[in-house]
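Below: one structure, written as structure tokens.
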Amino acid sequence: MSLSQFLSFANSTVTFNNLGGQGPVPSPEEYIQYEELLGLIPPDVVLRVTNTTPYMPSFNMMNSTNPGGPTGVDFNGLSGEFGIINVLSATSVGLKFAFLNKTDETPFTVSQVFFSWFDLDNNVDGDGNIVRQEKIIVADTFSTFFLDPFFTTVNVTTEPGGTGFCSTVFGNIADNPMDPMALTPEQESKAVTIVYEDISEFEVELSIGGPPNEFGRNLIFGGLSSVIASPPPPSPPPSPPPAPFAPGTGFSPPPPGFVIKSDPHFQGLDGNVFDFDGEAGNVYTLLLQPDDGLELIARFSTAYTTGIDMVDGVMFAYKPKGTWLTSVAVRVTADDAEEILVVATSPLGGAATQTRHGSVLQYAGDGEGADLIQVEFAEHGQTDIISFISENLEGKITVVPPPANWEVEEENKAGLTHLNIGIDRLSTSNVKTLD
């Protein structure tokens, strides 16, 4: 049986808790078994964790001479919405995670499952050196993994037969996560989410660095995490105004033009760079010069970017983020004549010209049309280019479809297509009235 799903330990129970025969609940079954997994896991499927190499928890040696004393396995099992396993310092343990049908213990195959490791951190000694470093080596049976794309503190290494994820920063119980889908920026920086496909089991190795002592560290894990939906960092402040052009100084003015790209990033006529998100669904005036009969307006819509999003248990390779442009209108007037050029990512009607990924409509407005806007079409790779030329305004509108690796069905591409604008030339008779 196969199932595409995500995993959660939020309301799980532990029915066996005796990893490697170390307890804390003695039983003939020497493993940890989780039941009542949320997400889309059927209720008769369990997750069993078995050690494949000798397992040693914290305080184990102390208990050999002090029976009944504290032991790290008391942490094992569940901690809130997370699974947890304690490992003694300067030791490692191999583990197998297996999805099983509860009734007959046969393997249960999932077509996709998200599995995350959280709170990868370490101790430091009196000189500030890293000690008791946490490291997870994941066998190369996964399809991909996700780290915080901007601020991760996890070091990724290539290991024989696997990929290592290693802590690099100090941490203690005070910064442990509480909700896998609501991690703080610090918690996201210490997490990794692994994506497995068509598996019924996977293996990892957990290790805690030295120096050896009776203490160890707790490794915590879960299913889907907010790492795959982490927001981007704040935009940088606007660039300072450029210095005046001074021949012979080596300084040249910024490249001419007004540019709007992606979600959306602006370059103003003065060369300054800034962001303006607006609100999805609204129409904004981007350029207005009544003295020269120029107007440029655009509709902002919800933008999308690369990243995993889950909707009703289905995984998509893109997620909503900010806004971008989905229609642009250029209006040019002269005396009693008026002409309007509209470019959109959605169909504009029977009179429109269809490009590969958009629609273009050119028509006379309330006045008489007089060929005020010249339009040319071109293609560059997967991008459609619509060039427009008028007496006082010249530029390009590009129609950008979704990336091929998003694997978007043809009928859904229009909703994931956006426009970029570049103004190459603007002539004005009165710069003071330019808005």
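The values are calculated or read from the model by the stated rules, or taken from the named source; none is laboratory data. Since the structure is predicted, the reported quantities are computational estimates derived from the model, not experimental observations. All Cβ positions, glycine included, derive from the backbone under ideal geometry; neighbour counts span all protein chains shown. Areas reflect the complete protein model, heavy atoms only, side chains present, ligands, DNA and RNA absent. Shrake-Rupley method; radii C 1.70, N 1.55, O 1.52, S 1.80 Å.
Observations
- For the range 17-54, residues that are farther than 19 Å from V204 by Cβ and of a type in the set (S, T, Y) total 1.
- When the range 173-200 is filtered for residues that are β-branched (V, I, T) and without any contact (Cβ under 8 Å) to a residue 40 or more places away in the chain, the ones remaining, listed by number, are I173, T184.
- Verdict on F115 being touching a helix residue (DSSP H, G or I) at 6+ places or on another chain (Cβ under 8 Å) and either buried (at least 22 other Cβ atoms within 10 Å of the Cβ) or not basic (K, R) (or both): no
- When the range 393-409 is limited to residues that are over 16 Å from N420 (Cβ atoms) and open to solvent by less than 30 Å² (accessible area, probe 1.4 Å), the one that is modelled with the highest pLDDT turns out to be L393.
- Within the range 316-343, tally of residues that are surrounded by 18 or more Cβ atoms within 10 Å (Cβ to Cβ) and within 27 Å of the chain's Cα centre (by Cα): 8
- Apart from one condition, S64 fits all of (1) closer than 24 Å to F215 by Cβ; (2) at pLDDT below 95; (3) part of a loop (DSSP other than H, G, I, E, B); the exception is (3).
- Scanning the range 159-174 for residues that are buried (at least 17 other Cβ atoms within 10 Å of the Cβ) and closer than 18 Å to G128 by Cα turns up C166, S167, G171.
- Among the residues making up the range 206-227, those that are farther than 21 Å from N129 by Cβ, outside any loop (DSSP other than H, G, I, E, B) and touching a Leu at 6+ places or on another chain (Cβ under 6 Å) are L206, L219, S226.
- Qualifying residues in the range 12-55 (those that are at pLDDT below 85 and open to solvent by 40 Å² or more (accessible area, probe 1.4 Å)) - the one nearest to P180 (Cα to Cα): L38
- Candidates V360, V375, filtered to the one that is among the β-branched types (V, I, T), modelled with pLDDT of 90 or more and open to solvent by 20 Å² or more (accessible area, probe 1.4 Å): V375
- Scanning the range 132-158 for residues that are in contact (Cβ under 8 Å) with a residue 60 or more places away in the chain, open to solvent by less than 20 Å² (accessible area, probe 1.4 Å) and hydrophobic (A, V, I, L, M, F, W, C) gives I136, V138.
- With respect to (1) outside any strand (DSSP E or B); (2) of a type outside the set (D, E, K, R); (3) at pLDDT 85 or above, the lone exception for A351 is condition (3).
- Selection from the range 104-123 of residues that are aromatic (F, W, Y) and over 15 Å from E201 (Cα atoms): W117, F118
- Qualifying residue in the range 175-187 (condition: assigned to a strand (DSSP E or B), under 22 Å from F82 (Cα atoms) and open to solvent by 20 Å² or more (accessible area, probe 1.4 Å)): no
- Of all residues in the range 273-298, those that are open to solvent by less than 70 Å² (accessible area, probe 1.4 Å) and among the hydroxyl-bearing types (S, T, Y) have Cβ atoms under 7 Å from Cβ atoms of residues that are at pLDDT below 85 and not in a strand (DSSP E or B), 6 or more apart or on another chain, in Y284/G278.
- Meets criteria (assigned to a strand (DSSP E or B), in contact with a helix residue (DSSP H, G or I) (Cβ under 8 Å, 6 or more places away or on another chain) and crowded, with 20+ Cβ neighbours inside 10 Å) for T193: yes
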